[in-house]
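Trainee: If you scroll down you'll find the structure; I have some questions about it.
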Amino acid sequence: MVELSGVLGVALVALGMVLTPGPNMIYLVSRSITQGRRAGVVSLGGVAAGFLVYLLAANLGLSVVFLAVPELYVAVKLAGAGYLAYLAWNALRPGGVSAFAPEELPHDSSRKLFMMGLMTNLLNPKIAIMYLSLIPQFISLEAGNVLLQGFLLGSVQIAVALTVNLGIVLAAGAIAVFLARRPSWLRAQRYLMGTALGLLAVSVATDASAPAASS
């Protein structure tokens, strides 16, 4: 049986992570604005599939691989930090564009939208770190079946992330219109997002913790 403290802990971590601007948010917002809510929802389906891949991989022993080859874990973490730094630079550089600024993008098929959402999430360092390092910390050996706990706690994370992201998808258009009428706010949002991404990149790159075994 999963302890209530573990469920609440994972829910709070998941909420904090999903509210921090990152690749998933940027992709979902851009698609929702340029191609409509339906495209955003289809893209979110791909993101959800990415969560399931991480849930299965983490609970079936991927963290053991990283424990056995710590250099691989460091390489993945630094690659993720580099990607976040790149996103931060794109937001902060002169002439950068806010995620909520309308931008002309090709109207992709549902299949492509789903696959892009899937790949965006699979390459999202925040999600990798959450499943390999954070969620396992809320598993209690005294509570019994560790594998079941891992799946249940991962399901809590997925529920929180999908609920918040769906809200972002549905509200993206209205937020974009609101900000478009207030250029200074749009600029402030871009700088805020870029700064948050930059700080996250530094945090990921300098985090000395090792992955915890989840099974």
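Trainee: When you go through (1) surrounded by fewer than 17 Cβ atoms within 10 Å (Cβ to Cβ); (2) at pLDDT 75 or above; (3) over 19 Å from M119 (Cα atoms) one by one for G82, which number turns out not to apply?
Mentor: Of the numbered conditions (1) surrounded by fewer than 17 Cβ atoms within 10 Å (Cβ to Cβ); (2) at pLDDT 75 or above; (3) over 19 Å from M119 (Cα atoms), the odd one out for G82 is (3).
Trainee: Read through the list (1) modelled with pLDDT under 70; (2) open to solvent by less than 30 Å² (accessible area, probe 1.4 Å); (3) not aromatic (F, W, Y), then give the number of the only condition that A208 fails.
Mentor: (2)
Trainee: A further question on this structure: List pairs: first residue in region 151-164 and touching a residue at least 24 places away in the same chain (Cβ under 8 Å), second residue among the β-branched types (V, I, T) and in a helix (DSSP H, G or I) anywhere in the structure, Cβ distance under 6 angstrom, at least six positions apart or on different chains.
Mentor: What qualifies is L153/V10; L153/I135; V156/V7; V156/V10; Q157/V10; A161/V18; V164/V18.
Trainee: How about region 1-17: which of its residues are open to solvent by 20 Å² or more (accessible area, probe 1.4 Å), touching a residue at least 60 places away in the same chain (Cβ under 8 Å) and either in contact with a Cys (Cβ under 6 Å, 6 or more places away or on another chain) or not small (G, A, S) (or both)?
Mentor: Once the filter is applied, which keeps residues that are open to solvent by 20 Å² or more (accessible area, probe 1.4 Å), touching a residue at least 60 places away in the same chain (Cβ under 8 Å) and either in contact with a Cys (Cβ under 6 Å, 6 or more places away or on another chain) or not small (G, A, S) (or both), region 1-17 yields M1, V2, E3, V7, V13, L15, M17.
Trainee: Can you name every residue in region 28-71 that is open to solvent by less than 20 Å² (accessible area, probe 1.4 Å), modelled with pLDDT of 80 or more and aromatic (F, W, Y)?
Mentor: F51
Trainee: Also, I was wondering about something else. Return the residue satisfying two criteria in turn: it lies in region 122-172 and is closer than 22 Å to N24 by Cα and not in a helix (DSSP H, G or I), and of such residues it is least open to solvent (accessible area, probe 1.4 Å).
Mentor: Checking each candidate, the answer is N124.
Trainee: In region 18-56, what residues are among the aliphatic types (A, V, I, L, M) and free of Cβ contacts under 8 Å to residues at least 60 places away in the same chain?
Mentor: Of everything in region 18-56, just one residue is among the aliphatic types (A, V, I, L, M) and free of Cβ contacts under 8 Å to residues at least 60 places away in the same chain, namely L56.
The values are calculated or read from the model by the stated rules, or taken from the named source; none is laboratory data. Bear in mind the structure is a predicted one, so any value in this text is a computation, not a measurement. Every residue, glycine among them, receives a Cβ derived from its backbone with ideal geometry; neighbour counts consider all protein chains shown. When the accessible area is computed, the model is the full protein with side chains, heavy atoms only, and any ligands, DNA or RNA have been set aside. Shrake-Rupley method; radii C 1.70, N 1.55, O 1.52, S 1.80 Å.
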